[in-house]
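Encoded as structure tokens, the structure appears first; notes follow it.
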Amino acid sequence: MGDMIIKTNPVTGEKIGEFPISSPEHVSQAVARARGAFLLWSQMSLRTRMDALAGLQSEILRKGEEFARRISEDTGKPLVDSLLTELMSVPLFLGHYRKLAPRVLSRRKVKTPLVFQGKKSYVEHFPMGVIGVISPWNFPFQLSMIPIISALIGGNTVVLKPSEVTPITGEIVRELFAAIDVPEGTVEVIQGDGGTGAALVEADIDKVFFTGSVATGRKVMAAAAKKPIPVELELGGKDAMIICADANLKRAAKGAVWGGLLNCGQVCTSVERIFVEASVYDRFIELLKVEVEAVRVGGPDEKADVGPLTFPQQLETVEAQIEQAKSAGAKVLVGGERLDRKGQFYMPTVLTGVKPDMAVYREETFGPVLPVIKVADVDEAVRMANDHQYGLTGSVWTSDLKRGLAIASRLECGQVMVNDVITSVGNPAIPFGGVKSSGFGRYHGPEGLLAFTNQKAIMVGKDKANSEPFWFPYEKKYDEVLEAFRLLLNNHLLKALGPLKRLNKINREADVERKKGFGAGGES
């Protein structure tokens with residue numbers, strides 16, 4: 001037997017399973033099967049593909065509670081989170097794309113400049129081929145299924161490499177696609193570690209969709225560049241929450257707690273920096289402390305709000321960042337230590353006195369930690385929010401919605417919410433993705449379908465002689481071309497039709513002369 005993934009329970013630390021690690025040979029075989037399935041799947045109509053994928057919704061409806069329990073066993077997250085943030089995404093996106101995809105993926109006519117007389121122009125899209133999806137452990141079902149579904153709708157097939165931290169959820173994905181009516185090989189699942197992911201990038205695939213850390217994202221991009229194939233990267237975040245003096249502070253405190261502690265803070269869009277205007281800082285801190293202390297921590301069977309950290313090394317990262325912050329002058333208002341119990345539990349924590357040179361400010365924490373920073377005004381908050389390597393999402397809290405939108409437009413990130421957090425990532429109608437070190441590319445929305453297609457431009461001309469004014473011969477054409485050139489530069493588009501028509505007349509006259517030459521015994 002080869003190397004194995006040893007899966008432990010985040011709540012108890014006990015071993016709960018073993019999963020074989022796919023070798024590079026197994027990876028190549030999976031890609032070859034997906035390549036074979038592509039020949040069938042890509043030729044099906046969009047409606048046929050959508051009808052087949054509708055089986056996912058039926059299967060999730062039938063086995064949803066079982067899947068939720070298994071996802072929670074894999075991750076430690078509350079059952080409510082497994083249902084709402086993992087499983088619900090599939091019917092939400094399928095329903096949206098069933099309506100959107102025919103319009104987005106169909107051939108569309110585009111404008112053709114008058115200078116190209118009699119021609120029509122179109123844009124259409126066609127599938128890339130085999131897509132490699134490398135998904136993370138924090139939302140292992142949602143962040144696998146949404147890119148898979150998006151790729152499949154566009155006519156591609158997929159090889160998924162789930163995180164080695166959450167192999168149970170990888171098996172759920174495998175089971176789902178085995179249960180619906182798609183060609184064998186349409187979705188292949190390869191369990192494994194970083195070496196497996198590297199083998200997938202090096203295999204015969206046509207695009208990589210990677211969600212994970214910045215460090216690994218750089219390696220994926222470098223490997224893909226050798227081929228080269230396109231890469232889409234959804235990386236980390238250090239999301240800023242800006243609380244204006246006129247905000248509903250109670251709502252803002254509740255939003256900060258849910259936005260920072262959902263999934264034990266293991267969300268790429270978690271609230272990780274809270275900027276509060278000085279005039280309301282003390283009151284906000286009081287409200288935040290009350291809300292955090294009311295949060296219940298425990299396993300999926302304990303009716304908890306917040307579960308354990310999913311990955312043992314993540315617990316060490318959280319501890320290290322907090323200890324470094326404390327040594328540099330930050331104060332722990334709530335929490336700040338592990339829970340005294342088995343498993344990977346850390347107390348929800350509020351830090352004050354946080355400075356930009358601290359690791360808990362500079363680096364993604366990915367844990368149940370809320371750093372609070374006092375600012376003089378909104379301008380300082382915006383400046384500090386933007387002065388960072390990450391730019392995924394952010395939020396603005398104010399009772400003046402017009403002002404909130406104006407502030408949102410100043411933030412350098414892929415998504416911004418006003419008086420809310422995180423939920424925009426669940427909206428299938430709007431694009432999701434980051435800037436700076438948070439990655440590039442967009443999925444969700446129309447962009448989420450087009451991201452997995454190649455674009456093709458088509459121009460159609462009339463099958464008519466002498467309808468191409470710019471073709472040979474050039475003799476006698478210079479003056480007419482010069483006139484058309486000047487008219488076009490001066491935006492006299494209709495007037496430019498005059499010299500263009502005369503150019504076609506020159507073509508006809510040249511044809512007549514050529515025929516005369518042929519009739520006189522001239523060379524062909």
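Every number in this text was worked out from the coordinates using simple rules, so none of it is lab data. This one's a predicted model, so the numbers in the text were calculated from it and none came from an experiment. Virtual Cβ from ideal backbone geometry, glycine too; neighbours counted across all protein chains shown.
Taking the alpha-carbon centroid of each part, what is the distance from the stretch 193-250 to the stretch 461-515 in angstrom?
52 Å
Would you work out the charge dipole size for the stretch 239-427 about its Cα centre, treating the Cβ of every Lys and Arg as +1 and the Cβ of every Asp and Glu as -1, and quote it to the nearest 20 debye? Write down the numbers at each step before the final one.
Values: 20 positive and 26 negative charges, 58 e Å.
So the magnitude is around 280 debye.
Please arrange 358, 459, 221 by how many other C-beta atoms lie within 10 Å of their C-beta, fewest to most.
Numbers: 358 21, 459 11, 221 16.
The most exposed by this proxy come first: 459, 221, 358.
Which ³J(HN,Hα) values in Hz, rounded to whole numbers, follow from the phi angles of the stretch 268-278 under the Karplus curve 6.51 cos²θ - 1.76 cosθ + 1.60, where θ = phi - 60° and Gly and Pro get x?
Those phi angles translate into 4, 9, 4, 5, 10, 8, 10, 9, 10, 4, 4 Hz.
Work from the charge dipole of the chain (Cβ charges, +1 for Lys and Arg, -1 for Asp and Glu, about the Cα centre) and give the residue of 156, 112, 284 farthest towards its positive end.
Farthest along the dipole direction, towards plus: 112.
Quick one: putting +1 on the C-beta of Lys and Arg, -1 on the C-beta of Asp and Glu, what dipole do you get for the stretch 44-155 around its Cα centre, in Debye to the nearest 20? Display every interim value, and only then the final one.
On the way: 16 positive and 9 negative charges, 213 e Å.
Rounded to the nearest 20 debye, it is 1020 debye.
List 128, 384 from most exposed to least, where exposure is judged by having the fewest other Cβ atoms within 10 Å. Each step should come with its number before you reach the end.
Numbers: 128 22, 384 17.
Taking fewest neighbouring Cβ atoms as first place, the list is 384, 128.
Let me check I've understood the local charge: for residue 268, count other residues with C-beta under 11 angstrom from its C-beta, Lys and Arg +1, Asp and Glu -1. What total comes out? Don't jump to the answer; show the numbers that get you there.
Values: positive: 238; negative: 234, 239, 272, 364.
That sum, taken over residues with Cβ under 11 Å, equals -3.
Pull up all non-local amide H partners of residue 399: gap of 5 or more, or a different chain, and H-to-H distance under 5 Å with H placed in the peptide plane.
Counting only residues 5 or more places away or on other chains, the set is 246, 247, 248.
Given a Förster radius of 25 Å and the C-beta distance between residue 48 and residue 454 as r, what FRET efficiency does 1/(1 + (r/R0)^6) yield to the nearest 0.05?
Working: r = 21 Å, r/R0 = 0.83.
Efficiency computed from Cβ-Cβ geometry: 0.75.
Positive end of the dipole of the chain, charges at C-beta (+1 Lys, Arg; -1 Asp, Glu), about the Cα centre: which of 223, 46, 94 has its Cα farthest in that direction?
46
I need 60, 458, 134 ordered by Cβ neighbour count within 10 Å, fewest first. Show your work: numbers first, answer last.
Details: 60 20, 458 12, 134 26.
So the ranking, lowest neighbour count to highest, is 458, 60, 134.
Report, in deg cm²/dmol and to the nearest 500, the calculated mean residue ellipticity at 222 nm for the chain, where each DSSP H run with n ≥ 4 adds -39500 (n - 2.57) and the sum is divided by the residue count.
Working: 16 runs with 219 residues, N = 524.
The helix-only estimate for the chain comes to -13500 deg cm²/dmol at 222 nm.
So who's got an amide H within less than 5 Å of the one on residue 435, skipping anything under 5 residues away but keeping other chains? H placed 1.01 Å off N, in plane.
Residues meeting the amide H criterion: 391, 392, 414.
Identify, among 401, 169, 504, the residue whose Cα sits farthest towards the positive end of the charge dipole of the chain, taking +1 on the Cβ of Lys and Arg and -1 on the Cβ of Asp and Glu, with the dipole about the Cα centre.
Selected residue: 504.
Just tell me the longest site-free run in the chain, where the sites are trypsin sites (Lys or Arg not before Pro) in a DSSP loop having at most 16 other beta-carbon atoms within 10 Å.
On the way: sites that count: 107, 111, 119, 226, 296, 303, 341, 342, 462, 464, 476, 495.
The longest uninterrupted stretch comes out as 343-461.
With no solvent and one equal point scatterer per Cα, compute the Debye intensity ratio I(q)/I(0) for the stretch 470-519 at 0.19, 0.21, 0.30 Å⁻¹ and report its log10, rounded to two decimals.
Ignoring solvent entirely, the Cα scatterers give -0.61, -0.70, -1.08.
List the residues, sorted by chain then number, that are 5 or more residues from residue 8 or on another chain and whose placed amide H is less than 5 Å from its amide H.
It is 16, by chain and number.
Whole-Hz ³J(HN,Hα) for each residue in the stretch 491-501, computed from phi via Karplus 6.51 cos²θ - 1.76 cosθ + 1.60 with θ = phi - 60°, x for glycine and proline: what do you get?
6, 8, 5, 5, 5, 5, 5, x, x, 5, 5
Quick one: what are the phi-derived ³J(HN,Hα) couplings along the stretch 56-71, Karplus 6.51/-1.76/1.60 with θ = phi - 60°, whole Hz, x for glycine and proline?
My calculation for the stretch 56-71 gives 4, 5, 5, 5, 5, 4, 6, 10, x, 5, 5, 4, 4, 4, 5, 5 Hz in order.
Check the straight Cα-Cα distances from residue 456 and name the lysines below 25 Å, setting aside those fewer than 8 residues away within the same chain.
Result set, ordered by chain and number: 99, 109, 111, 119, 120, 207, 226, 227, 464.
Assign unit charges at the C-beta atoms only (+1 for Lys and Arg, -1 for Asp and Glu), then state the dipole size of the chain relative to its Cα centre in Debye, rounded to the nearest 20. Mind showing how you got there, number by number?
Numbers: 64 positive and 62 negative charges, 552 e Å.
That gives a dipole near 2660 debye.
Here are labelled values, [x] 28.8, 105; [y] 29.2, 101; [z] 29.8, 115, and one is the computed Rg and Dmax of the Cα atoms in Å for what I pasted. Which one?
[x]
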